[in-house]
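As C-alpha cells, the structure follows; a few thoughts come after it.
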Amino acid sequence: MPQSIDIDIRNDLTELQRVMESVEHLSEEQSWEPGLGMRIQLILEELITNIISYGYADSERHEIMIRLHSDSESVRIRIEDDAGPFDPLEMETPDLSVPVQEREPGGLGVHLVRNLADDIGYTRQDGKNILTLCKNREPSKG
Amino acid sequence: MDLSAETSGDISIVNMPGEYLDASTVKEFKADIAAFIEGDAKKIVFDMSSLQFIDSSGLGAILSCLRKLNGSGGELKLCGMSKPVRALFELVRMHRIMDIYDTRDDAISAYK
C-alpha cells in the first residue's frame, strides 16, 4: 500500500539523524529491496547537508520540509526550503577522468545525487527551492 | 572516532571504525587519520569492513588521504568494502585511481 511521510526539520545538521531514521522506518514498512534505503538516505543526506551548510546567508532558524512517498513502483522525494536559489541540475559535472593529483575532492555530492536518482526536477517558487526526485524500484521477483 | 592500527612488517593497517563516514563524522576522521598519513608509514591499508555508509565528504576525505600519501612517496590500498560502498566508489570513478582489494590479506600481499 502506498505510504507518505512528512519530515520537517530545522537548518541544523544534527537533524539529519532524524531524517535517516525516518527513511529506515519507511524502508521497513514498505519492504524496500536491499540497497534502496541506503541510496535514498544518501540522496537526502547530500542535498540537505548542502542546503544547511551553504544555502543560508544568515544564521537564523529556517525550516526544511521533506516529503517521501513510496509505492510499488518508485520512491518520490520532495524537498522544500527557503535557502538561496540552488538548482543542482545546473551544476557542472566534475571531471572524473583526470589523474589523482588533479582530482578535486569537492563537487561529488551533486554528481552522486544526479546518478542515484532516476528523475530530478527543480523549481523556484515564492522564494523557495522545490526539488523533486524519483527513484524507481526494482520489479519484485516472483 | 578512535582509529586503531596494526602493522604487518612495514605496512600499517588502519581499521576504519563505525558504520558511517559522512558529514557527521568526516571532520573527526580527517583529524584522526592525519597522524597515520603524515607520519613515517609509507605503506598503508584502510580496512573498511565495518563501513556501511559513505557520502561525498567521506569519499573526498579518502581521496585527500591518497593525494597526501602520493605526494610524500607513500601508497594507500583499500580493502573490505561492502557492495554498496564499492558501488559509490565506482559511481565517482574512484575505483580507477585507488587500489581496492577484497580482503586485508589481498591488500597486504599486493605490497609484497
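No lab work stands behind these numbers, since they all come straight from the coordinates. The structure presented is a predicted model; accordingly, all values stated were derived computationally and were not measured. Here the Cβ positions follow ideal geometry from the backbone for every residue, glycine too, while neighbour counts run over all protein chains shown.
Restricting to the stretch A:19-56, name every residue that is loosely packed, with under 13 Cβ neighbours inside 10 Å, among the charged types (D, E, K, R) and over 20 Å from A:S140 (Cα atoms).
If the condition is that a residue be loosely packed, with under 13 Cβ neighbours inside 10 Å, among the charged types (D, E, K, R) and over 20 Å from A:S140 (Cα atoms), then A:E21 is the only one that fits.
Would a scan of the stretch B:47-61 turn up a residue that is within 11 Å of chain A (Cβ to nearest Cβ) and touching a residue at least 40 places away in the same chain (Cβ under 8 Å)?
yes
Out of A:L116, A:L68, A:L131, A:L112, report the one residue that is surrounded by 10 or more Cβ atoms within 10 Å (Cβ to Cβ), within 14 Å of chain B (Cβ to nearest Cβ), within 23 Å of A:T14 (Cβ to Cβ) and under 12 Å from the mean Cα position of the chain (by Cα).
A:L112
Applying the selection to the stretch B:86-99, what residues are more than 9 Å from chain A (Cβ to nearest Cβ) and closer than 18 Å to A:I40 by Cα?
Answer for the stretch B:86-99, where residues must be more than 9 Å from chain A (Cβ to nearest Cβ) and closer than 18 Å to A:I40 by Cα: B:R86, B:F89, B:E90.
Among the residues of the stretch B:72-101 satisfying the criterion of being of a type in the set (V, I, T) and not in a strand (DSSP E or B), which is farthest from the chain's Cα centre (by Cα)? I'd like the intermediate steps shown before the answer.
First, pick out the residues of the stretch B:72-101 that are of a type in the set (V, I, T): B:85, B:92, B:97, B:100.
The next check asks that each one be not in a strand (DSSP E or B); those that pass are B:85, B:92, B:97.
Values: B:V85: 12, B:V92: 16, B:I97: 13 Å.
Only one residue tops the list, namely B:V92.
Got a number for residues in the stretch A:5-43 being of a type outside the set (G, A, S), in a helix (DSSP H, G or I) and farther than 15 Å from A:A83 by Cβ? Break it down into steps so the answer makes sense when it comes.
Initially, the stretch A:5-43 is screened for residues of a type outside the set (G, A, S), giving A:5-21, A:23-26, A:28-30, A:32-34, A:36, A:38-43.
This time we only want the ones that are in a helix (DSSP H, G or I), so: A:13-21, A:23-26, A:28-29, A:36, A:38-43.
Next, from what is left, pick out any that are farther than 15 Å from A:A83 by Cβ: A:14, A:16-21, A:23-26, A:28-29, A:36, A:38-43.
The number of residues fulfilling the criteria is 20.
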